[in-house]
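S.K.: If you scroll down you'll find the structure; I have some questions about it.
Nothing in this text is a laboratory measurement; each read-out follows from the coordinates by a stated rule. These figures come from a predicted structure and were not determined experimentally. Quick reminder, even Gly has a Cβ in these numbers, built from the backbone with ideal geometry, and neighbours come from all protein chains shown.
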Amino acid sequence: MQNSPLPNAKPLYDAARDWGADLAAVADTSRLAGIETDPPELLQGYPRAVSMAVHLADGIMDPVTSRPTPLYARHYQNVNALLDHIATRVSGLLQSWGGKALPVPASQILCEERFTASISHKAVAIQAGLGWQGKPTILVTPQFGPRVRLVTVLTDLALPANKPLKNRCAKCTHCVEACPAGAIRNASTALHYATRSEALDLDACVGRLRSNEQEKHIPPYLCGVCVSACPWGKPKDSQKL
């Protein structure tokens, strides 16, 4: 690991926010041991991961009550493009400080059977302390609930790492009741689930996602209903937790 030229990560966070990120934090990748990556050695030589999030617009998310809308579909794609831009800029900054950097695409499914990518941005964000894993296995942040999209930049700079947050879903079942596929099992919440199937019926979820693709202007594997339903993501004056 390279010696960090910084006493803290604030200059990094400030730059990420200037480029469009709403949240940013750093994870110690040793806490990610055992997660699936593609390639398997992806994390080797990268002891830190910068996790960044962009807040999805409430005006886009509020109407997503039973199925994705064309507006949400386009917004989703635009935010992913913004995240990739932010990751590229952050990588350049880390390299200018003498480190190595590897930006991981914000949205790129490599295996459509198991729905895996190069790395789980959600897993990185949880270990970076951006939020906790909700009942549908999505990230829930204190500031914006699950109404965020994520991106990751791996680095060998010795940036100070953050700690995970306590799960705050408790007995809330808004996402369980809203899921049009009935796929969320309402499993007891913890820092993480032992397996995805403990929390989610993936076959039911994917079946619903594929039915959404038949609707005009909806790209593959897009829903957003559980994201919209979560009280943590609603405007603060309307939250009823």
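S.K.: Answer with one residue from THR141, TYR221, PRO70: the one whose Cα lies farthest towards the positive end of the charge dipole of the chain, charges on Cβ with Lys, Arg +1 and Asp, Glu -1.
M.R.: THR141
S.K.: From the backbone phi of the range 42-59, what are the Karplus-calculated ³J(HN,Hα) couplings (6.51 cos²θ - 1.76 cosθ + 1.60, θ = phi - 60°) in whole Hz, Gly and Pro given as x?
M.R.: Each residue of the range 42-59 in turn: 3, 7, 4, x, 10, x, 10, 9, 8, 9, 9, 10, 10, 6, 6, 5, 4, x Hz.
S.K.: Applying the Karplus parametrisation 6.51 cos²θ - 1.76 cosθ + 1.60 with θ = phi - 60° to the phi angles of the range 84-91, what ³J(HN,Hα) value in whole Hz is obtained for each residue in order, glycine and proline being reported as x?
M.R.: Once θ is set to phi - 60°, the couplings for the range 84-91 become 5, 5, 4, 4, 5, 5, 5, 4 Hz.
S.K.: Could you line up ILE86, ILE35 from fewest to most neighbouring Cβ atoms inside 10 Å? Display every interim value, and only then the final one.
M.R.: Working: ILE86 26, ILE35 16.
In order of increasing Cβ crowding within 10 Å: ILE35, ILE86.
S.K.: Turning to a different aspect of this structure: Could you sort the peptides 144-157, 55-68 by per-residue average Cβ neighbour count (10 Å cutoff), highest mean leading?
M.R.: For the peptides 144-157, 55-68, the packing ranking is 144-157, 55-68.
S.K.: Same structure again: Would you pull out the residues with amide H under 5 Å of VAL148's amide H, same chain only if 5 or more places away, H placed 1.01 Å from N?
M.R.: HN-HN under 5 Å from VAL148: LEU56.
S.K.: Starting from the amide H of LEU23, placed 1.01 Å from N in the peptide plane, find each other amide H under 5 Å away whose residue is 5 or more places distant or on another chain.
M.R.: For LEU23, the qualifying residues are ALA53.
S.K.: Same structure, new question: Fewest Cβ neighbours within 10 Å first, please rank HIS217, HIS75, HIS85 accordingly. The partial results should precede the final answer.
M.R.: Values: HIS217 11, HIS75 18, HIS85 15.
Lowest count first: HIS217, HIS85, HIS75.
S.K.: Could I ask something else about it? Which loop trypsin sites (Lys or Arg not before Pro) in the range 41-135, with loop taken from DSSP, have no more than 11 other Cβ atoms within 10 angstrom of their Cβ?
M.R.: ARG114
S.K.: Further question on the same structure: With θ taken as phi - 60° and the coefficients 6.51, -1.76 and 1.60, list the Karplus ³J(HN,Hα) couplings across the range 122-131 in order, rounded to whole Hz; mark glycine and proline as x.
M.R.: For the range 122-131, the Karplus-derived couplings read 5, 4, 5, 4, 5, 6, 7, x, 6, x Hz, x marking Gly and Pro.
S.K.: Something else about it: Under 12 Å from the Cβ of LYS100, count the other residues' Cβ atoms, weight Lys and Arg +1, Asp and Glu -1, and hand me the total.
M.R.: For residues surrounding LYS100, the net value is 0.
S.K.: Excluding GLY182 itself, calculate the net charge of residues whose Cβ lies under 10 Å from the Cβ of GLY182, where each Lys or Arg counts +1 and each Asp or Glu counts -1.
M.R.: 0
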